[in-house]
Every structure is written in C-alpha cells, then in structure tokens.
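Student: Below is the structure I would like to discuss, written out as structure tokens.
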Amino acid sequence: MEDKIFDNDYFTLTDEDGNEIEFELIGRCERNGKQYFAMIPVEDEEPEGDIYEYVILKLDTVDGEEMLVTVDDDEELDDIADYFDDLFSQEIDYDN
C-alpha cells in the first residue's frame, strides 16, 4: 500500500455513543504491518488560522469485523503522528 495524501474523500463514522460524525480523509499510511488513516472532522466553521487538527485511526479487526479504531498506545500514536506530520509538511508549497 502506498502512503498517500488525499483530497475530498469523505466518510461518516459512528462513535461509541452512536453519534455519526463526518470526516475528511487527508492521509493514509502503512507502518509495522498496520494501516493508519489521518482524518479531520467536517465542521461548519473554519479553524483559526490555517491549522487543522486531525485524528489518527487505525484499521483493526474487532469481533471478526474490520473497523477503524483509535490508537490507544501513546508511543504508537506519537510515532504515527510524527510520520503524518512529515508527510504533510512535504506537500506544503512555500512559494505561494
């Protein structure tokens, strides 16, 4: 699987309380044999400045079904967040 930055891919996910939240997929990567996804919640208002906070979810099998889950291990999360930060910083166009 190729690491990739996305544009305009939207998904509706259901949280543990049954609330549906729409997310935009902004990046995907595979690390240590696991697939990770960077997503930002779709909101009505723009963030302050041009800084978006994103969530990282990983593909996991729960009760025999594949689903996106939060990354609970702090070291794993830090490693993946650093990787996505590096990936996203390569896409910044400093000339504009």
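Student: Residue-wise, which Karplus ³J(HN,Hα) couplings in Hz belong to the range 21-26, taking 6.51 cos²θ - 1.76 cosθ + 1.60, θ = phi - 60°, and x for glycine or proline?
Tutor: Values, residue by residue: 10, 8, 10, 9, 6, 10 Hz.
Student: Please list 16-27, 63-74, 31-42 highest first by mean number of surrounding beta-carbon atoms within 10 Å per residue. All intermediate terms of the calculation are to be shown ahead of the outcome.
Tutor: Numbers: 16-27: 13.0, 63-74: 10.5, 31-42: 15.7.
Highest to lowest by the protection proxy: 31-42, 16-27, 63-74.
Student: Convert each backbone phi in the range 33-39 into a coupling constant with the Karplus relation 6.51 cos²θ - 1.76 cosθ + 1.60 (shift: θ = phi - 60°), then list the ³J(HN,Hα) values in order as whole Hz, x for Gly and Pro.
Tutor: Computed from phi, the couplings for the range 33-39 are x, 10, 9, 10, 10, 9, 9 Hz.
Student: Collect residues whose amide H, placed 1.01 Å from N in the peptide plane, falls under 5 Å from the amide H of Arg31; neighbours closer than 5 in sequence don't count.
Tutor: Long-range HN contacts for Arg31: Tyr36.
Student: Less than 9 Å Cβ to Cβ from Leu59, Lys/Arg counted +1 and Asp/Glu -1: what total charge do the surrounding residues give?
Tutor: Net of charged neighbours comes to 0.
Student: Between Asp72 and Gln35, what is the label-to-label distance in nm when each label sits 7 Å out along the Cα-to-Cβ direction?
Tutor: 2.2
Student: Net charge around Asp73, counting only other residues with Cβ within less than 13 Å of its Cβ (Lys, Arg = +1; Asp, Glu = -1)?
Tutor: -4
Readers should treat all values here as calculations from the given coordinates under stated rules, not as data from a laboratory. Because the structure is predicted, anything quoted here is derived from the model rather than measured. Note: ideal-geometry Cβ built from the backbone for every residue, glycine included; neighbour counts use all protein chains shown.
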